[in-house]
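The structure is given below, and queries will be raised subsequently.
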Amino acid sequence: MLTIAGGEPVRKTPFPAWPVHGPEDEQALLRVLHSGQWFMGGHITQFEQAFAAFQQAQFGIAVSSGTTALQVALEAVGLRPGDEVIVPAYTFVATASAVAATGGVPVFADIEPGTYNMDPASAAAAITPRTRAIVAVHIAGRPADLDALLALAKKHDVRLIEDACQAHAAAWRGTRVGAIGDLGCFSFQASKNLCAGEGGFITSNNREFAEVAWSIHNCGRSPQGAWYEHPLIGSNYRISEFHASLLLSQMRHLEAQTATRSRNADHLSSLLDSIEGVLPMDRDPRVTTHANHLYIMRYQSEAFGGVSRDRFIEALRAEGVPCSAGYRPLYREAAFNAHFRDWPFESAYFHGKPDYSAISLPVTEQACNEEGVWLTQNMLLGPEQDMEDIAAAVDKIHRHADQLRA
Ligand SMILES: Cc1ncc(COP(=O)(O)O)c(C=O)c1O
């Protein structure tokens, strides 16, 4: 009997906790504490070099969050008031709010049904003469279709920014993300696969973009200039030595943790393949490393006698498997229409003032309202048996779906 109907749960023990830390992390923090150098010291420079090299990028700038990384990246490519930036509608709010916060207009593209990443055809249809950039989000840690999105950006001479906030270590055709577009943005917020509570990072292989980004994150200073010389308007988006030291220490585990998540995610996908009604995301050989920040499965209610996705989630949680429905379509957030209510510019995409109330993107709606079920990355860090428990819980709900309709 299903647990939600009074039975015994499949899983009675918790999944691995996150974040994880050990004595080396404690020493890393204490080293900074006792050094008295809590600001702009050697750990930040060392981390910037190490993480940029890890992501195979030439330049790296540590910043205060993934959100500020996106804002700085957008400013670095020269976003001007009223410029349009194409973003997927299925992502964390910061991908789009960073555009609005830097004076631009977010234009939402739909996602692909098999990956939940931005659909390049939908992005192409959203291009106007005011498009300045495209933000490719690597949702759940799976690289977006960078072949198609790079070609699109090149064709229209717009910049491609990678939102890799969920995709540390992920790679597309053997090259790590953040080193493929003009700039890459990462987050080290507490839930992320590499974390220090808060923090962010900008990668680039373009010296000019990297120098402008460095300047903006450091009060508008110039890398070569005097301390009180400010050629640009910037802000303070720096991190502390504590963050950098902890990140250096945490980074030593990133490769091994990524491999464990990959192994477990692949195993879970192969187990779900044989259960009707819950589909793993499509496999693609061009995704040479998937960061698996989330494991997303696609629920098909017809196979469960019409039971809703949200009821399935309640049942799966009751079986001892923490899970959630994930995002809402971003264009529905009240913030966007509120922001543009007194907007003084015309938008080419909207033929007037930006107004998101009529937007509805079918694949995004399906993912948000009917299909998407999320597991978090820490659940992929334990033994293989954990995947078997998750699959057994899904299978049990499928076999007893009639108990959910009562
Ligand atoms: C896709 C995406 N973009 C941007 C962000 C923003 O990062 P932060 O929370 O560090 O500001 C996040 C973090 O949740 C994210 O998942």
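Would you confirm, using the coordinates I've provided, whether Asp182 is over 16 Å from Arg286 (Cα atoms), in contact with a Cys (Cβ under 8 Å, 6 or more places away or on another chain) and acidic (Asp, Glu)?
No.
Can you find, within region 389-406, the residue that is surrounded by the most Cβ atoms within 10 Å (Cβ to Cβ) among those that are part of a loop (DSSP other than H, G, I, E, B) and among the small types (Gly, Ala, Ser)? Steps first, answer last, please.
Taking region 389-406 as the starting set, the residues that turn out to be part of a loop (DSSP other than H, G, I, E, B) are 400-401, 406.
Those still in the list that are among the small types (Gly, Ala, Ser) too: 401, 406.
Working: Ala401: 20, Ala406: 5.
Looking at residues that are part of a loop (DSSP other than H, G, I, E, B) and among the small types (Gly, Ala, Ser), I get Ala401.
Let me ask something additional. Looking only at region 181-218, filter to residues that are more than 16 Å from the ligand (Cβ to nearest atom) and outside any helix (DSSP H, G or I); which one of those is nearest to Val72 (Cα to Cα)?
Ranking the candidates gives Asn218 first.
Another question, then. Whether any residue in region 225-246 is assigned to a loop (DSSP other than H, G, I, E, B), of a type in the set (Gly, Ala, Ser) and under 30 Å from Leu30 (Cα atoms) is what I want to check.
yes
Another one. Being within 14 Å of the ligand (Cβ to nearest atom), part of a helix (DSSP H, G or I) and under 19 Å from the mean Cα position of the chain (by Cα): is that true of Leu150 here?
In short, no.
All but one of (1) at pLDDT 95 or above; (2) more than 26 Å from Tyr90 (Cβ to Cβ); (3) touching a Ser or Thr at 6+ places or on another chain (Cβ under 8 Å) hold for Pro223; state the number of the condition that does not hold.
Every listed condition holds for Pro223 apart from (1).
Take the residues in region 258-301 that are surrounded by fewer than 19 Cβ atoms within 10 Å (Cβ to Cβ) and in contact with a Pro (Cβ under 7 Å, 6 or more places away or on another chain), then tell me which one is nearest to Asn193 (Cα to Cα).
If we take residues in region 258-301 being surrounded by fewer than 19 Cβ atoms within 10 Å (Cβ to Cβ) and in contact with a Pro (Cβ under 7 Å, 6 or more places away or on another chain), then Ser269 is nearest to Asn193 (Cα to Cα).
Given the conditions (1) in contact (Cβ under 8 Å) with a residue 40 or more places away in the chain; (2) closer than 30 Å to Arg252 by Cβ; (3) crowded, with 19+ Cβ neighbours inside 10 Å, which single one is not true for Ala133?
(2)
Among the numbered conditions (1) crowded, with 17+ Cβ neighbours inside 10 Å; (2) more than 11 Å from the ligand (Cβ to nearest atom); (3) touching a residue at least 60 places away in the same chain (Cβ under 8 Å); (4) more than 20 Å from Ser262 (Cβ to Cβ), tell me where Asp163 comes up short.
With (1) crowded, with 17+ Cβ neighbours inside 10 Å; (2) more than 11 Å from the ligand (Cβ to nearest atom); (3) touching a residue at least 60 places away in the same chain (Cβ under 8 Å); (4) more than 20 Å from Ser262 (Cβ to Cβ) applied to Asp163, the lone miss is (2).
Criterion first (within 11 Å of the ligand (Cβ to nearest atom) and under 24 Å from Lys353 (Cα atoms)) does Thr128 satisfy it?
no
Counting just the residues of region 282-340 that are among the polar types (S, T, N, Q) and in contact with a Lys or Arg (Cβ under 7 Å, 6 or more places away or on another chain), which one comes out nearest to Lys396 (Cα to Cα)?
So the residue we want is Ser301.
Could you please find all residues in region 367-388 being outside any helix (DSSP H, G or I), more than 22 Å from Gly305 (Cβ to Cβ) and hydrophobic (A, V, I, L, M, F, W, C)?
Once the filter is applied, which keeps residues that are outside any helix (DSSP H, G or I), more than 22 Å from Gly305 (Cβ to Cβ) and hydrophobic (A, V, I, L, M, F, W, C), region 367-388 yields Trp374, Leu375, Leu381.
Output the number of the condition that Phe92 fails; it satisfies all remaining conditions of (1) more than 17 Å from the chain's Cα centre (by Cα); (2) of a type in the set (Phe, Trp, Tyr); (3) within 16 Å of the ligand (Cβ to nearest atom).
(1)
Quick check on Ala69: is it at negative phi, hydrophobic (A, V, I, L, M, F, W, C) and within 12 Å of the ligand (Cβ to nearest atom)?
yes
The values are calculated or read from the model by the stated rules, or taken from the named source; none is laboratory data. Just so we're clear, the structure is a prediction, and the values are computed from it rather than from any experiment. Cβ sites come from the backbone with ideal geometry, for glycine too, and all protein chains shown count toward neighbours.
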